[in-house]
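Worksheet for the structure shown next.
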Amino acid sequence: MSKPPRSKAIEILLIEDSPTDAMMTQEAFADSKIHNVLHLVENGVEAMAFLRRESGYAAAPRPDLILLDWKLPKKSGEEVLQEIREDPALTTIPVVILSTSKAEEDVLKSYNLHANCFITKPVEFDTFVEVVHSIREFWFSIVTLPSGER
C-alpha cells in the first residue's frame, strides 16, 4: 500500500563534485514519477551555505532529503554530515551517503555520525539509475518524513 501522493514537490539536495555522477543522478530523478526538485552543489562549503541559506542561497528551500557524496572538496562529506547533525535546524533531514568508497572506515564513520544509510555508487549507468530509483521509492513512497520548517 503506497502513501497518498504529495501535492508539494520533493526537495532534494545533491552534494556531488563529480559532473558525471551528478548528471546520472539528475537523469534518474528526472525519470521519476514523483514530482521533485533536485538542487546541486559541488562541495561541502557550498552545501552548508545552501542548508543555512547563506552566501547567495537565501531563498534555498529546506531539503526533504540530502544525497551526500563522502569524498568532497573544500569540506568533506564527513564534516558536512557532522555539521548537519550538530545543527538543531537541520538534524531531522535524512542524509543518504552516496560514495564510491567501499572502505569499512568510511561506512562506520558515517553511521557514527548518524547517516541514515551508506550506499556505494555502482559504476554502471543502468545499475546506478536503479539505485537512485530505489532511494526515491524508499524515501518518498514508503518512509514518512518530518515536515520540517518550510
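Please note which strands (runs of 3 or more DSSP E) are completely contained in region 63-122 and include at least 1 residues that are surrounded by fewer than 17 Cβ atoms within 10 Å (Cβ to Cβ), over 10 Å from the mean Cα position of the chain (by Cα) and without any contact (Cβ under 8 Å) to a residue 40 or more places away in the chain. Talk me through it step by step, then tell me what you get.
On the way: elements: 65-68, 95-99, 117-120.
Because the criterion is at least 1 residues that are surrounded by fewer than 17 Cβ atoms within 10 Å (Cβ to Cβ), over 10 Å from the mean Cα position of the chain (by Cα) and without any contact (Cβ under 8 Å) to a residue 40 or more places away in the chain, the strands (runs of 3 or more DSSP E) in region 63-122 that meet it are 117-120.
Which condition number does Phe125 fail, the rest of (1) among the aromatic types (Phe, Trp, Tyr); (2) farther than 27 Å from Thr144 by Cβ; (3) free of Cβ contacts under 8 Å to residues at least 24 places away in the same chain being met?
(3)
Anything in region 110-150 that is among the acidic types (Asp, Glu) and more than 15 Å from Ala30 (Cα to Cα)? List them, or say none. Please lay out each step first, then the result.
At the first step, the residues of region 110-150 found to be among the acidic types (Asp, Glu) are 124, 126, 130, 137, 149.
Residues satisfying the conditions are Glu124, Glu149.
Which of the residues spanning region 78-92 are over 15 Å from Val45 (Cα atoms) and among the β-branched types (Val, Ile, Thr)?
Listed by number, the residues that qualify are Thr91, Thr92.
For region 20-58: of the residues being in contact (Cβ under 8 Å) with a residue 40 or more places away in the chain and not aliphatic (A, V, I, L, M), which is surrounded by the fewest Cβ atoms within 10 Å (Cβ to Cβ)?
Once the filter is applied, the top-ranked residue is Asp31.
Condition first: part of a helix (DSSP H, G or I) and acidic (Asp, Glu). Now tell me which residues in region 12-55 satisfy that.
Asp21, Glu27, Glu46
Read-outs: derived from the displayed coordinates by stated rules, not from any lab. The model shown is predicted, which means the values in this text are computed figures rather than measured ones. Every residue, glycine among them, receives a Cβ derived from its backbone with ideal geometry; neighbour counts consider all protein chains shown.
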